[in-house]
1. What about S148, is it touching a strand residue (DSSP E or B) at 6+ places or on another chain (Cβ under 8 Å), modelled with pLDDT under 95 and crowded, with 23+ Cβ neighbours inside 10 Å?
2. Out of (1) aliphatic (A, V, I, L, M); (2) at pLDDT 95 or above; (3) in a loop (DSSP other than H, G, I, E, B), what's the single condition that is false for L28?
3. Among T190, T181, which is the only one that is closer than 20 Å to T29 by Cα and at pLDDT below 90?
4. Search the range 258-282 for residues that are within 25 Å of W311 (Cα to Cα) and touching a residue at least 12 places away in the same chain (Cβ under 8 Å) and pair each with any residue that is in a helix (DSSP H, G or I) and of a type outside the set (A, V, I, L, M) when their beta-carbon atoms are under 6 Å apart and the residues are at least 6 apart or on different chains.
5. If you take the residues of the range 118-145 that are among the hydrophobic types (A, V, I, L, M, F, W, C) and touching a residue at least 60 places away in the same chain (Cβ under 8 Å), which of them is farthest from R208 (Cα to Cα)?
6. Where the second residue is modelled with pLDDT under 80 and not in a loop (DSSP other than H, G, I, E, B) and the first is more than 13 Å from A15 (Cβ to Cβ) and charged (D, E, K, R) and lies in the range 90-111, which pairs have Cβ atoms under 8 Å and are six or more apart or on separate chains?
7. List pairs: first in the range 29-48 and surrounded by fewer than 23 Cβ atoms within 10 Å (Cβ to Cβ), second acidic (D, E), Cβ under 6 Å, 6+ apart or cross-chain?
8. Is the range 159-177 home to any residue that is without any contact (Cβ under 8 Å) to a residue 40 or more places away in the chain, over 24 Å from T264 (Cα atoms) and not small (G, A, S)?
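The values are calculated or read from the model by the stated rules, or taken from the named source; none is laboratory data. Small disclaimer: the values here were computed from a predicted structure and weren't measured. Note that we place each Cβ from the backbone using ideal geometry, even for glycine, and neighbour counts take in every protein chain shown. Surface accessibility is based on the protein's heavy atoms, side chains included, excluding ligands, DNA and RNA. Shrake-Rupley method; radii C 1.70, N 1.55, O 1.52, S 1.80 Å.
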Amino acid sequence: MGLPKPSGPFVVGCADIMTKVVQMPTNLTCPSSVLEKGVDFGMFARIYYPTEDESSKHYKEAKILPDEQTSLYASSMFSIFKLKWLSGLASFALRGALQHSFIDAPLIPQSKYDKTLGLDDETNKKFPLVVFSHGLIGFRHIYSTFCSDLASHGYVVASVEHRDGSALPTYFMDPETNKATSLPYMDHPTTENADEEIIQMRNKQVNRRAEEVSKLLDLLHVVNKEPEIIENLFPSTFDLKTLKGRLDVEEPLIIGHSFGGATTLNSINKDDRFKCAIVLDPWFLPLTEDEFYESGLKKPTFTIFTERFNWNKNIQRCQRFLDGLPKDLSSVNFLSDEYDLHKDFSIGYSM
C-alpha cells in the first residue's frame with residue numbers, strides 16, 4: 001500500500017531536522033503552557049528535495065508514519081475522533097504504507113539538475129524554496145504527497161511540524177535529560193460553536209505558528225549560508241552542507257492548508273521575506289485582529305476552497321477579508337452560477 005507517486009522528472013529524497021530547545025514552558029503538564037510568551041522548542045521539519053534515481057536505490061523509502069511513531073499517531077488521531085477502537089487496525093494498516101520519498105538520499109548534483117530541467121548559463125539554478133504549514137491534527141509529513149510532488153519538479157520543500165498544540169503529539173529533545181519528550185494535542189472545538197476563550201486561544205496559536213514559520217525560514221537561511229554550524233538533533237545522515245548556496249532564499253513561497261492556510265495568510269503579511277503564497281482551505285476563525293482584515297494582502301496570493309470544507313462563519317470572515325482587498329487586484333470565481341456553501345469556489349489575488 002502506498003500513496004500516489006510524484007509526477008515530476010526527479011526522484012524525491014527527504015530528511016528531518018530538529019534544533020535545540022531555546023526556552024521551555026513553566027509547566028509542561030498544562031497543554032496551554034506551550035503558548036506562554038517566549039517559549040521556543042526550536043525547529044522540527046521534514047525537507048523534501050530532488051535526488052538521483054541510482055542513488056535512491058541504496059536508501060529506504062519513507063513510510064507515511066515512522067515505525068517508532070505509528071502507534072502513537074494512530075491512537076492519538078482516533079482518540080480525537082472518538083474512535084479509539086480503530087487505532088490498532090489503523091496502526092497495522094499504515095505500518096507499511098509508503099510515501100515514495102527516500103530517507104536521507106543525497107541531494108542531486110547540480111549538473112544533473114540543470115540537465116533534467118534544461119537550464120542554461122543565464123538561468124537561476126538555485127532550488128526554488130517552499131515552506132509548508134500543516135493543518136490541525138497534522139504533523140510534518142502528513143502532506144507528503146503534495147510536498148513530494150513539488151520536490152519531484154525541482155523544488156526544495158520544508159514542512160514544519162508545529163509545536164503550538166495543533167499537531168498530533170509531537171516531541172522535542174529535553175535539554176536537561178536529552179530524552180524525547182512529547183507535546184500533547186490541544187483538543188478544542190473548531191467550528192462556529194467555539195466560544196470567545198477558544199477563539200482567543202486559536203489566535204495565540206496562529207501567531208505562534210507564524211513565528212515558527214519565520215524561524216524555519218531563518219534556519220533555511222543558515223542552511224544556505226553556514227550549514228556546518230547547525231546541530232541536527234534528529235538521527236539523520238543527510239549532509240546539510242550539500243544545500244549550501246543552492247537554495248533560493250530570496251524568493252521563498254509559503255503554502256498551507258486549513259489552520260496552515262490561516263498561518264500562511266498571517267505569515268505573508270508579517271514576514272516580508274515571503275514573496276508569494278498559496279492558501280488551501282483557510283480557516284479564518286483564528287484570525288481575529290481587525291488590522292488583518294483592514295490591511296488586506298500585500299503579496300501575490302492564490303487561495304482555493306474545496307467542496308464542503310466551509311461553514312457560515314468561515315464564509316462570513318472570508319467575505320470580510322475579501323472586502324478589504326483592492327477591487328482592481330482581486331477576483332472571486334464561483335464554480336456554480338449561484339452562491340452555494342456546498343460548491344467549490346476559488347479566490348484569486350495578484351499584484
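1. Working: touching a strand residue (DSSP E or B) at 6+ places or on another chain (Cβ under 8 Å): yes; modelled with pLDDT under 95: no; crowded, with 23+ Cβ neighbours inside 10 Å: yes.
So S148 fails the test.
2. Here L28 meets the rest and fails (2).
3. Numbers: T190 fails: closer than 20 Å to T29 by Cα.
Answer to the selection: T181.
4. Pairs that qualify, where the first residue is within 25 Å of W311 (Cα to Cα) and touching a residue at least 12 places away in the same chain (Cβ under 8 Å) and the partner is in a helix (DSSP H, G or I) and of a type outside the set (A, V, I, L, M), are T263/R209; A277/T264; V279/G261; V279/T264; L280/G261; D281/G261; P282/G261.
5. Once the filter is applied, the top-ranked residue is F127.
6. R95/T70
7. Cβ pairs passing all conditions: none.
8. Checked the range 159-177: at least one residue is without any contact (Cβ under 8 Å) to a residue 40 or more places away in the chain, over 24 Å from T264 (Cα atoms) and not small (G, A, S).
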